[in-house]
Amino acid sequence: YWEKKNADIFLTGIEGQVPVYSKPAHLTGDDEYRSPIMERVPEGKADIGKEIAVSLNISSGDTIRIKGEEFMVNRIYPRKGTSDDLSIWIPLNKAQSILGRPDQINGILALQCVCNTEDMGQLKEDVKAVLPHTKVFEFSSLITARADARERAAALHEKMINDEMENQKEMRQKKERIASIL
């Protein structure tokens, strides 16, 4: 509950994506992702869901205060129709401080994509073994869209190749018929 604005919000501390060093083509020189699923929130800033921004009349560049901590609004995410619309993202260490849970994590956003053959259930079990009170949430809206686009592109590519092969076959048969008549 955000007393100052008299609103219920989802306050999310985010550190950013953990780099996969075995895939250097995906990383920049400072080990950040070239195309991250979610941008890191800079220190002293906050990213806000559209519903919160509209209902509380908050714009990019505004300053907000949550439990005594001041943040400048970095960006406002477009409406998604999910709990993200009611979320405020701040750096992880600030969220832990505000919530009185220093060095504690209660959830991890996990991605399941075509480049990873690991089972999500197994990943959840592995995390629970190390961090028993942590929940693993599959973060899927953007990654699912990317995976769907890759699958559609692959299917379209396959169809186009098959159609072209069929067309070449038909042309060959027509040429053979014409040659036999001649």
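The values are calculated or read from the model by the stated rules, or taken from the named source; none is laboratory data. Just so it is clear, the structure is predicted and the values come from calculations on it, not from any experiment. The protein model used for the area step is the full one, side chains on, heavy atoms only, and it has no ligands, DNA or RNA in it. Shrake-Rupley method; radii C 1.70, N 1.55, O 1.52, S 1.80 Å.
For E69, enumerate residues with amide H under 5 Å from its amide H, sequence gap 5+ or separate chain, H modeled in the peptide plane.
Amide H to amide H, under 5 Å and 5 or more residues apart or across chains, E69 pairs with nothing.
Within straight cross-link reach of K80, meaning Cα distance under 28 Å, which lysines are found once same-chain residues fewer than 8 apart are removed?
Partners within reach: K4, K5, K45, K50, K67, K94, K124, K135.
What accessible surface, in Å², does a 1.4 Å probe find on V54, ignoring ligands, DNA and RNA and rounding to the nearest 10?
80 Å²
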